[in-house]
Each structure stands twice: as structure tokens, then as C-alpha cells.
1. Do we have any residue at all in segment A:198-216 that's crowded, with 17+ Cβ neighbours inside 10 Å, of a type in the set (Asp, Glu) and in contact (Cβ under 8 Å) with a residue 12 or more places away in the chain?
2. Can you confirm whether A:Gly41 is within 16 Å of DNA strand B (Cβ to nearest atom), modelled with pLDDT under 95, farther than 16 Å from A:Ala145 by Cα and under 19 Å from the mean Cα position of the chain (by Cα)?
3. Have a look at A:Ala13, A:Ala103, A:Ala69, A:Ala54 and point out the one that is within 24 Å of A:Thr200 (Cα to Cα), part of a helix (DSSP H, G or I) and small (Gly, Ala, Ser).
4. Look through A:Ile67, A:Ile3, A:Ile11 and report the one residue that is within 16 Å of DNA strand B (Cβ to nearest atom), over 13 Å from A:Asp147 (Cβ atoms), among the hydrophobic types (A, V, I, L, M, F, W, C) and crowded, with 16+ Cβ neighbours inside 10 Å.
5. Filter segment A:140-183 down to the residues that are in a helix (DSSP H, G or I), near DNA strand B (Cβ under 10 Å from one of its atoms) and under 21 Å from A:Thr195 (Cβ atoms) and list them by number.
6. Go through segment A:74-120 and report how many residues are at positive phi and either among the acidic types (Asp, Glu) or surrounded by 14 or more Cβ atoms within 10 Å (Cβ to Cβ) (or both).
7. Counting residues that are within 16 Å of A:Asp156 (Cβ to Cβ) and within 16 Å of DNA strand B (Cβ to nearest atom), which strands (runs of 3 or more DSSP E) fully inside segment A:205-257 reach at least 2?
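The values are calculated or read from the model by the stated rules, or taken from the named source; none is laboratory data. Worth saying up front: this structure is predicted, and the values here are computed from it rather than measured. Virtual Cβ from ideal backbone geometry, glycine too; neighbours counted across all protein chains shown.
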Amino acid sequence: MKIVSYNVNGIKARLPRLIEYLTEQQPDVVCLQELKSADEGFPEADIRAAGYGAVWHGQKGFNGVAILAKGADPVERKRGLDGEPEDEHSRYIEAEVNGVTIASIYLPNGNPVPGPKFDYKLRWIDRLSRQALTLLAEERPVVLAGDYNVIPNDDDTFSVRAMASDALMQPESRQGYRALLAQGWTDALRTRFPTGGVWTFWDYQAGAWQRDAGFRIDHLLLSPQAADRLISAGVDKEYRGREKASDHAPTWVRLRG
DNA sequence: ATGACAGAGTGCCTCTGA
């Protein structure tokens, strides 16, 4: 069972790339982020024609998350996180697919630091952690997949110096991520590449892709019951080099069953 | 210290992202 996290940076602009990816890789589940589309603009028919059912939580212009499943309709369990009823950002959706609970997560970027956006990021990590604890208590296979906007370790970026003042690498951001892992989640890519050097994002600017100046911010966190089934994990890096690519590459795990 | 890309809406500039 191949489960993918893919920040598409605009579902409309990326639709040909996404359909191409589904056709070529035939992943079982794909968690999308940054749809940048209202609910009614989601290209459900194109995705269904490619063989995938979907649930989505859109928003005009920014944010937006979705979960796709091959030959199945994901059963939605939750959209949005508890704790801030006034928060209207579409950043979390959770569904059941073939006995696995899947969440598609788009954690706030948080720049500039300091400021209200950074404060929102840290609060959002806390809210996610509360939901994660609830899921762990169910003692079932769970995959929390998404763009976490956190560079967990120094070896998860091409340059510590270049990113030092960025919200993605602040001690508070990392602490929030570590606290989440400490609940009992497994960072699947980290187990596969424990010394780092694997990127999931390359900026469009300054020739970052050509220089391989990337970092790892897209993560798949596994509950113990999912981690027991982990076969492999990786990044489908070549899709970042294609025409009209997203600035993120699809990042994935393969689970038994 | 600065700017460079890209997508989408407020649309040919502005806002946001990472």
C-alpha cells in the first residue's frame, strides 16, 4: 500500500502533473496540500476518471487539503482541528481508507519570525498534537501525512545558515515537532535515511532545484500499528524536475497489506 | 542586504508562500 504526501501548489495549475503521477505510479492513497481552490473548483471528475475517489477541504486562493484513494471513496472522519473555532484555514482533513486512518496536513509556514503568523504556527502544532493523541489512543494504523513546514534536523536542509532565521527551523517549531513524535509516532523517512540529506522541497527561486538546494518538510508520521507494517519510504524526486512542476516532490511510504 | 519564482484573485498589480 503506497501512501503519498504531495503539496501540489495549486490543484488547477498542477492537474496534468497530478494525473500523470497517478497514472504512472498508481499510488493507493494521495494526501494533497495547497489546493488553492474553493470546494466547488476541485477537479473531482478528472480525478475520478483517473480511478480515484476523493474527499477535500478547499479554500479560495490559499491552503486546501484533500485525500485521494485508488478505486475507493475515502470515508471522511474530520475536517479542521479543534481549539480555535474562529480559524477558517483549510489545513486538516482526516479519512478512513481500507482500514487505515489517514490525515492530510498543511501546517502553517509561520514566517516572518517573530509575529502573529509564527504564533499561529506554534498554536496549530499544539492543536495537531491533541488530535494526534486522540488517534494514538485508538491503537490502529494511522498515517499523518503532509507539509509540516518544519525542518526537523540540521541535516534536513542544504544550508543551516541560509535557513537559520526561517520559521521552518526555529527551535520552537522543532520542539513542537519533536513533542509530537515523542507521543509515539515514527517519522518514516527518517528511519529510512537516518543521516538526512533527503529533500522534499526545492524553491522556485535562485536556481534551487539546479543546485539541489532543498530541504525536508513533507513528513509521514506512523502510529505504532502502521510502523509495524512499514516496508519502505522515499521521495519521487524526478517529478520536481518536470515541466510546470510543484516546488514539492511526492513523498511516500509503502505499508504491508 | 537584497532579490530571485509561481499561483490565484483583488486581475496586468497585489498578496501569499517557503
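1. no
2. no
3. Unique residue meeting the criteria: A:Ala13.
4. Exactly one residue qualifies, and that residue is A:Ile11.
5. Selection gives A:Ala162, A:Met163, A:Leu168.
6. Going through segment A:74-120, the residues at positive phi turn out to be A:80, A:83, A:98-99, A:110, A:115.
Then keep just the ones that are either among the acidic types (Asp, Glu) or surrounded by 14 or more Cβ atoms within 10 Å (Cβ to Cβ) (or both); that gives A:80, A:98, A:110.
Adding up the residues that qualify gives 3.
7. Answer list for segment A:205-257: A:218-222.
Per-residue answers, yes or no, for (1) among the hydrophobic types (A, V, I, L, M, F, W, C); (2) touching a strand residue (DSSP E or B) at 6+ places or on another chain (Cβ under 8 Å):
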| residue | (1), (2) |
| --- | --- |
| A:Asp147 | no, yes |
| A:Asn153 | no, no |
| A:Ser159 | no, no |
| A:Leu168 | yes, yes |
| A:Asp187 | no, yes |
| A:Gly197 | no, no |
| A:Phe201 | yes, yes |
| A:Gln205 | no, no |
| A:Trp209 | yes, yes |
